[in-house]
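The values are calculated or read from the model by the stated rules, or taken from the named source; none is laboratory data. Values in this document were obtained by computation on a predicted structure and should not be read as measured data. Surface accessibility is based on the protein's heavy atoms, side chains included, excluding ligands, DNA and RNA. Shrake-Rupley method; radii C 1.70, N 1.55, O 1.52, S 1.80 Å.
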Amino acid sequence: MDHDSPHPIPLRILGTGEYIPSRRVDSNEFDRRWSKPDGWTRRHVGIDYRHFAGADEPASMMAAQAAQDALRRADLRADQVDAVISVSGVMEQAIPCTAALVQRRLGLSGSRIPAFDVNATCLGFLVALDLVASAIATHRFRRVLLVAGEVASAGLDWDDTDTAALFGDGAAAVVVEAAGKGDASCLLATHMETHSEGTEFCQVRAGGTRVRLSDGAGQFSAASRFEMSGRATYRLAAQKLPGFMRALFDRANVAAGDLKRLVPHQASVKALDHLQRALRLPQDSLVRILETQGNQMAASIPLALHHAIEHGDLRRGDLFAMVGSGAGLSFAGAVLRY
């Protein structure tokens with residue numbers, strides 16, 4: 001995700017979209033579940049409400065709905081993209097990839113349009129965007145659909161007061177293409193770092209080949225739940241964040257004050273507050289949707305981008321950055337001119 005002398009890549013965001021699951025879950029529902037005083041969960045996680053997907057809202061369906069929304073705003077048909085890339089942190093099923101399921105839901109079964117997944121947990125959108133930009137720069141692709149459908153609620157431990165109320169379900173989609181001559185839209189720089197001393201801080205041990213059903217149903221079930229060491233994650237992230245942000249901004253030759261908006265992964269209130277303090281950002285320059293969305297894993301950054309554009313917080317020509325952290329522990333960021 002890094003090169004010695006980055007050059008801006010002509011890249012234009014054509015359209016963004018979202019899908020909000022049917023069930024709204026207010027934080028006071030968790031208060032009652034945990035026998036806490038009214039407002040305890042809201043104060044604890046900083047979230048008013050989030051949405052959870054129903055049985056009839058699988059990840060690929062939500063991603064396809066968000067994709068249709070983004071395509072409509074871009075004034076495009078689904079068959080006018082060169083690739084469909086799913087960036088979800090958790091796949092709908094182990095095989096085939098989620099992007100193939102989304103491709104079918106978009107009515108593209110006979111199109112031969114390539115569909116594949118890029119999994120970098122909560123950073124999937126940024127990593128895929130970097131790969132797509134390189135493909136656009138080499139004329140491999142001209143226009144790409146990026147989708148993220150996340151059902152975080154499927155793997156939560158409902159008795160864990162640190163994580164159960166933090167996450168939300170939902171989907172987002174973004175259509176990007178090569179910017180035309182005279183178009184200022186571009187990707188200035190990207191940067192990614194992985195600090196693997198944090199690999200065990202956020203994990204789901206089952207779902208691959210590590211913990212198997214043959215190990216016993218009880219062990220498999222327990223390993224299928226999301227496990228997070230919140231304090232250890234925060235300490236490592238806080239330690240590594242300043243150096244990462246300096247590297248990102250140096251590569252883009254910008255300063256934090258040059259940005260119209262910073263679009264972060266909605267990891268937690270504590271993480272967002274720390275980012276704002278560390279960069280000394282004005283209150284309104286950090287895009288926050290955590291209070292009404294929760295942490296939606298890989299859908300979080302593209303959904304925050306969608307909200308910033310829809311609410312007029314980002315206008316053509318504005319300089320902005322997207323940044324986040326993910327399990328690994330990894331950081332990724334991108335600086336763009338919208």
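Summary table
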read-out: Structure-derived percent of Cα pairs over 34 Å apart - corresponding label in [x] 44; [y] 34; [z] 20; value: [z]
read-out: Residues of type aspartates and glutamates that residue 270 reaches as a straight line, Cα spacing below 14 Å, ignoring anything fewer than 8 places off in the same chain; value: 162, 291
read-out: Amide hydrogen neighbours beyond the local backbone of residue 224, cut-off 5 Å, H modeled; value: 206
read-out: Relative contact order (percent, whole number), the stretch 225-330, Cα cutoff 8 Å, 6+ residue spacing; value: 36 percent
read-out: In Hz, Karplus ³J(HN,Hα) per residue of the stretch 86-103 (6.51, -1.76, 1.60; θ = phi - 60°; x = Gly, Pro); value: 8, 10, 4, x, 10, 5, 5, 8, 5, 9, x, 5, 4, 4, 5, 5, 5, 4
read-out: Whole-number accessible area per residue in Å² for the stretch 116-217, which is evaluated in the context of all protein chains at 1.4 Å; value: 42 Å²
read-out: When each of 181/240; 181/260; 36/260 is checked by Cα-Cα distance, pairs over 31 Å; value: 181/240; 36/260
read-out: Residues whose placed amide H lies under 5 Å from that of residue 15, excluding near-sequence neighbours; value: 175
read-out: Nonlocal amide H pairs with residue 324, under 5 Å, H built at 1.01 Å; value: 265, 332
read-out: Rg to Rh quotient for the stretch 103-192, alpha carbon positions, Kirkwood Rh; value: 1.07
read-out: Per-residue HN-Hα couplings for the stretch 154-160 [Karplus 6.51, -1.76, 1.60; θ = phi - 60°; Hz; x = Gly/Pro]; value: 5, x, 7, 8, 5, 9, 8
read-out: The stretch 274-322 - accessible surface per residue (Å², probe 1.4 Å); value: 39 Å²
read-out: HN-Hα J in Hz across the stretch 250-256 - Karplus 6.51, -1.76, 1.60, θ = phi - 60°, x for Gly and Pro; value: 5, 5, 8, 6, 9, 10, 4
read-out: Rounded to 5, the percent of DSSP beta bridges in the chain classed as antiparallel; value: 75 percent
read-out: Apportionment of accessible area to carbon and sulfur, the chain, percent (1.4 Å); value: 48 percent
read-out: DSSP bridge pairs, the stretch 248-338: antiparallel proportion in percent, nearest 5; value: 60 percent
read-out: Rounded to 5, percent antiparallel among DSSP beta bridges of the stretch 1-122; value: 50 percent
read-out: MRE, 222 nm, helices only [DSSP H, n ≥ 4, -39500 (n - 2.57), over the chain, to nearest 500]; value: -9500 deg cm²/dmol
read-out: For the stretch 17-63 and the stretch 163-217, distance of Cα centres in Å; value: 21 Å
